[in-house]
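Trainee: Have a look at the structure that comes next, please.
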Amino acid sequence: MTLEDLVAVLGRRDVAALGAVLDPDVVLVSDGGGQVVTPLRPVRGAGAVARLVAALVTADSVLSTASVNTRPGVVVRRDGRACAVIVPVLEGSAVTHVWVVLNPDKLERWHRVPG
């Protein structure tokens, strides 16, 4: 499993395929900064995490990879603006943890595509 594989699965918005690349005990932690509704507690389990992450991507989303605090991550943009940054922790062939930033204040720097 590579980050590019994960981006491909996310782009298809395929919850079952996403669940298959997640560790059964995967944990998702999200940051909405009190401005976006996010789970207050960590979300556990491949099914629940897959549904949550897949819901972040819509038909008009543009996905790109980026370094996020020195970790590989995925930026989800719509209409040229970042709406989510997803940082998966890959261990072997499975994702064991997922960090999701939805806080608009923290997404400001991600609006522009580097290059």
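Trainee: Looking at Val57, Val85, which is the one that is touching a helix residue (DSSP H, G or I) at 6+ places or on another chain (Cβ under 8 Å), assigned to a loop (DSSP other than H, G, I, E, B) and crowded, with 17+ Cβ neighbours inside 10 Å? Quick ask: steps written out before the conclusion?
Mentor: Details: Val85 fails: assigned to a loop (DSSP other than H, G, I, E, B).
After applying the criteria, what remains is Val57.
Listed here are the residues, each with its yes/no results for (1) under 12 Å from the mean Cα position of the chain (by Cα); (2) farther than 18 Å from Ala8 by Cα; (3) of a type in the set (D, E, K, R).
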site: Ala46; (1), (2), (3): no, no, no
site: Val53; (1), (2), (3): yes, no, no
site: Leu56; (1), (2), (3): yes, no, no
site: Val68; (1), (2), (3): yes, yes, no
site: Pro88; (1), (2), (3): yes, no, no
site: Ser93; (1), (2), (3): no, no, no
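Trainee: Name the single residue, out of those in segment 76-86 being within 14 Å of Asp31 (Cα to Cα) and of a type outside the set (Gly, Ala, Ser), that is farthest from the chain's Cα centre (by Cα).
Mentor: Cys83
Trainee: Suppose we filter Val74, Val87 for residues that are of a type in the set (A, V, I, L, M), within 14 Å of Leu6 (Cα to Cα) and in contact (Cβ under 8 Å) with a residue 40 or more places away in the chain; which single one remains? Break it down into steps so the answer makes sense when it comes.
Mentor: Values: Val87 fails: in contact (Cβ under 8 Å) with a residue 40 or more places away in the chain.
Sole residue among the options that is of a type in the set (A, V, I, L, M), within 14 Å of Leu6 (Cα to Cα) and in contact (Cβ under 8 Å) with a residue 40 or more places away in the chain: Val74.
Trainee: Also, quick follow-up: Would you call Asp25 under 15 Å from the mean Cα position of the chain (by Cα) and in contact (Cβ under 8 Å) with a residue 60 or more places away in the chain?
Mentor: Spelling it out, it is not the case that Asp25 is under 15 Å from the mean Cα position of the chain (by Cα) and in contact (Cβ under 8 Å) with a residue 60 or more places away in the chain.
Trainee: Does Arg77 meet the test of being crowded, with 16+ Cβ neighbours inside 10 Å and on the phi > 0 side of the Ramachandran plot?
Mentor: Details: crowded, with 16+ Cβ neighbours inside 10 Å: yes; on the phi > 0 side of the Ramachandran plot: no.
Judged against the criteria, Arg77 is not a match.
Trainee: Same structure, new question: Taking segment 1-21, which residues are farther than 19 Å from Ala84 by Cα and of a type in the set (A, V, I, L, M)?
Mentor: Met1, Ala16, Ala17, Ala20, Val21
Trainee: Take the residues of segment 4-30 that are among the acidic types (Asp, Glu) and at pLDDT below 95: which is surrounded by the fewest Cβ atoms within 10 Å (Cβ to Cβ)?
Mentor: Here the answer is Glu4.
Trainee: Working only within segment 34-50, note down all residues that are in contact with a helix residue (DSSP H, G or I) (Cβ under 6 Å, 6 or more places away or on another chain), closer than 21 Å to Cys83 by Cβ and surrounded by 14 or more Cβ atoms within 10 Å (Cβ to Cβ).
Mentor: Across segment 34-50, the qualifying residues are Val43, Ala50.
Trainee: Might you let me know whether segment 7-21 holds any residue that is in a strand (DSSP E or B) and not small (Gly, Ala, Ser)? Write out each step before concluding.
Mentor: Our first condition is that a residue be in a strand (DSSP E or B); within segment 7-21, this holds for none.
Within segment 7-21, none of the residues are in a strand (DSSP E or B) and not small (Gly, Ala, Ser).
The values are calculated or read from the model by the stated rules, or taken from the named source; none is laboratory data. What you are looking at is a predicted structure, and each value in this text was computed from that prediction instead of being measured. Neighbour counts run over all protein chains shown; Cβ positions are idealised from the backbone, glycine included.
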